[in-house]
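First the structure, in the form of structure tokens, and then the observations on it.
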Amino acid sequence: MKSLLLATGFAAANAKIMTIPLAKREMDLEEHFKTPRTAATLGATAGGEKDTIVINDFQDAQYIGEVSVGSPPQQLRVVYDTGSSNLWVNDQPVPWWRKLLPGAHQTYDHSKSSTYVANGTTFNIAYGSGPVAGFYSKDTVAIGDIGLTDYLFAEVNNTKGLGTMWLVGKLDGILGLGWDDISVDHVQTPLRALVNSGKLEEPAFAFYLGSGGAVGELVLGGVNSDHYTGDFAYTPVIDMVPGKKGYWTLAMDDIKMNGASITSCRKAIVDSGTSLLAVPDRKSVV
């Protein structure tokens, strides 16, 4: 089986499969060594026709696709992150000189959208890479071909907490694909909104992550048989804490090095927002 992440478990819906291209950013050797080293770690603490969302790969660490916000649509690049459950986009003005640089951040301008509805409630979220802050707004959000009207999301005007990740990353926001219970302020999650739209062929999504310059994709509403062979092995999603599902949490038997167990932790999460395999040692587990 090729590289594929499959996530299921929401209430049934019917309509179509969409595929969203995830494109990859190329770097020459000199640029690679000049780029500051950083762990791109997110994960918040709190019916027939196909449509493809391209996922771009930055250093095999950030896989980035597009989402559109507003009317007319403003195209923004987001990390599709299974370790969080909120959508936010950049609200910070980009200096004219920085717009001339490759991969400069894009900004959502609600004054240019006829479907924007002000909210203004404060928004704060913390990731493994640091916190961001801003305020809530409503507008039409399109993920692939599915339009979500009056969707509540955040405009972020403070990304200082992300540090180098924001400085070198080619993203304009983060779109969380986690479950309801880790949604900050209990906002309807993008995934829940997609399922409730009734426009997905089945309640499932899958990633195909390209490497070496290859284009990947995020499939919504099913899987793309072009990217795997054989059958899937299914693992139940379990509660992250009793009665709560937020992360895509799985039962884990063990992690061993040189044949010896290195942790007593027996749960793990599948997090598309990080390139790391991280595990607490025995002293860290409570």
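The values are calculated or read from the model by the stated rules, or taken from the named source; none is laboratory data. Computed from a predicted model, the values in this text were never measured in an experiment. Here the Cβ is made from the backbone with ideal geometry for all residues, glycine too, and neighbour counts use every protein chain on show. For accessibility, only protein heavy atoms count, side chains too; no ligands or nucleic acids. Shrake-Rupley method; radii C 1.70, N 1.55, O 1.52, S 1.80 Å.
Where Lys and Arg each count +1 and Asp and Glu each count -1, what net charge lies around residue 154 among other residues with Cβ under 13 Å from its Cβ? Mind dumping the intermediate values first?
Numbers: positive: 138; negative: 91, 139, 155, 172, 185.
Charge balance near residue 154 sits at -4.
Any idea which of 205, 171, 257 is furthest toward the positive side of the dipole for region 169-278, if Lys and Arg beta-carbons carry +1 and Asp and Glu beta-carbons -1?
It is 257.
Between residue 101 and residue 117, 0.36 nm times their residue separation minus their Cα-Cα distance comes to what? Each step should come with its number before you reach the end.
Numbers: separation 16, 0.36 × 16 = 5.76 nm, distance 3.18 nm.
That pair, residue 101 and residue 117, stretches by 2.6 nm at full extension.
Could you work out the local net charge near residue 119, counting Lys and Arg as +1, Asp and Glu as -1, over the other residues with Cβ closer than 14 Å to its Cβ?
Details: positive: 138; negative: 91, 139, 150, 155, 185.
Spelling it out: positives minus negatives among the neighbours equals -4.
From the convex hull of the Cα coordinates of region 123-246, what is the mean projected area in square nanometres? Numbers along the way, then the final one.
Numbers: hull surface 39.5 nm².
Quarter of the Cα hull surface area: 9.9 nm².
Could you state how much accessible area residue 122 has, in square angstrom rounded to the nearest 10, with a 1.4 Å probe and all protein chains kept in place?
Approximately 90 Å² of residue 122 is accessible to the 1.4 Å probe.
Enter the accessible area of residue 245 (Å², nearest 10), with the probe set to 1.4 Å and all protein chains included.
Roughly 60 Å² of residue 245 is accessible to a 1.4 Å probe.
Using only the heavy atoms of the protein chains and a 1.4 Å probe, how would 209, 100 rank by accessible area, largest first?
Working: 209 70, 100 130 Å².
Result, largest first: 100, 209.
Using R₀ = 30 Å, calculate the FRET efficiency as 1/(1 + (r/R₀)^6) where r is the Cβ-Cβ separation of residue 228 and residue 267; round to 0.05.
Values: r = 26 Å, r/R0 = 0.87.
Once the sixth-power term is evaluated, E becomes 0.70.
Beyond 18 Å between alpha-carbons counts as too far, so tell me which of 99/138; 138/170; 245/267; 170/199 fall in that bin. Write down the numbers at each step before the final one.
On the way: 99/138 26 Å; 138/170 24 Å; 245/267 13 Å; 170/199 29 Å.
Beyond 18 Å between Cα atoms: 99/138; 138/170; 170/199.
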